[in-house]
């Protein structure tokens, strides 16, 4: 698979499919949770949009020495791309608050295309090792809007007007988006195998540490806001699970820097393992709680 075809066609298409899938499971009332239950929603947004990128800076820029500072910058971009449909599935398995998980995914997915370019440009320009990275803010916002917000809207319209069709499409869309992500990672690994092997001993531990800390960060923030056990599970999972496809789109397609893709590649693989370990631990040690939902 040619790198140009991968970055210019497969990655944007994959992200668009993922976003349509998110929209297929959303309804306008999901956004209402921001007003009906503001405390857990605020906790989730704070952890994902503000605290998680700070964690990405600490791990990617200061805790590890990589062969290139661009690798560390990739961790910053990754933490600026939170959320995704996988978090909803893991929340369901962990008996978390599914309504909260869906609402956070929806809200963050709408905010991120506008927030990520500004935040990334500010952070990268103020870190000495990454000052040379240039991100066109306006162009990036437009691209992310077209690839994410528009597909989400299309998915929501299908769900509202053709609900039975939406129900039929949800599973194949999830499968297709997962297959695309897997193929993208395989292609990037093959393309950048030398860089990956040269940095395996530092990037893999850094990604593992970031995954674990992200899950813990979500849980701690939720606990500080005195949310329910089910909500704590949901927020922990939402913070721990990143939109690897979006991070790869930024690093591989918009910026076109192979070294910056390493964080998303390793994190995307490790987060699934840690996520399902979290499911086991939540179900084994946490109090049994009824699954909350919003009608």
Which number in (1) within 20 Å of residue 239 (Cα to Cα); (2) surrounded by fewer than 20 Cβ atoms within 10 Å (Cβ to Cβ) marks the one condition that residue 12 misses? (1)
What residue, of 120, 160, is in contact (Cβ under 8 Å) with a residue 12 or more places away in the chain, within 20 Å of residue 82 (Cα to Cα) and in a helix (DSSP H, G or I)? 120
Out of all the residues in the range 181-189, is one or more at pLDDT 90 or above, in contact with a helix residue (DSSP H, G or I) (Cβ under 9 Å, 6 or more places away or on another chain) and within 24 Å of residue 89 (Cβ to Cβ)? no
Answer yes or no: is there a residue in the range 31-44 that is closer than 21 Å to residue 141 by Cβ and surrounded by fewer than 24 Cβ atoms within 10 Å (Cβ to Cβ). yes
Per-region count, the range 196-252, residues over 17 Å from the mean Cα position of the chain (by Cα), surrounded by fewer than 19 Cβ atoms within 10 Å (Cβ to Cβ) and within 20 Å of residue 65 (Cβ to Cβ): 7
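Conditions tested, residue by residue: (1) buried (at least 17 other Cβ atoms within 10 Å of the Cβ); (2) in contact (Cβ under 8 Å) with a residue 60 or more places away in the chain; (3) over 20 Å from the mean Cα position of the chain (by Cα); (4) in a helix (DSSP H, G or I).
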residue: 148; (1), (2), (3), (4): yes, yes, no, yes
residue: 153; (1), (2), (3), (4): no, yes, no, yes
residue: 171; (1), (2), (3), (4): no, no, no, yes
residue: 184; (1), (2), (3), (4): yes, yes, no, yes
Suppose we filter the range 132-146 for residues that are exposed (fewer than 15 other Cβ atoms within 10 Å of the Cβ) and assigned to a loop (DSSP other than H, G, I, E, B); how many remain? 3
Say we look at the range 1-26 and pick out the residues that are in contact with a helix residue (DSSP H, G or I) (Cβ under 7 Å, 6 or more places away or on another chain) and not in a helix (DSSP H, G or I); which of these is modelled with the lowest pLDDT? 1
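The values are calculated or read from the model by the stated rules, or taken from the named source; none is laboratory data. In this text, all values refer to a predicted model and were calculated from it rather than measured experimentally. FYI the Cβ positions are ideal-geometry reconstructions off the backbone, even for glycines, and counts take in every protein chain you see.
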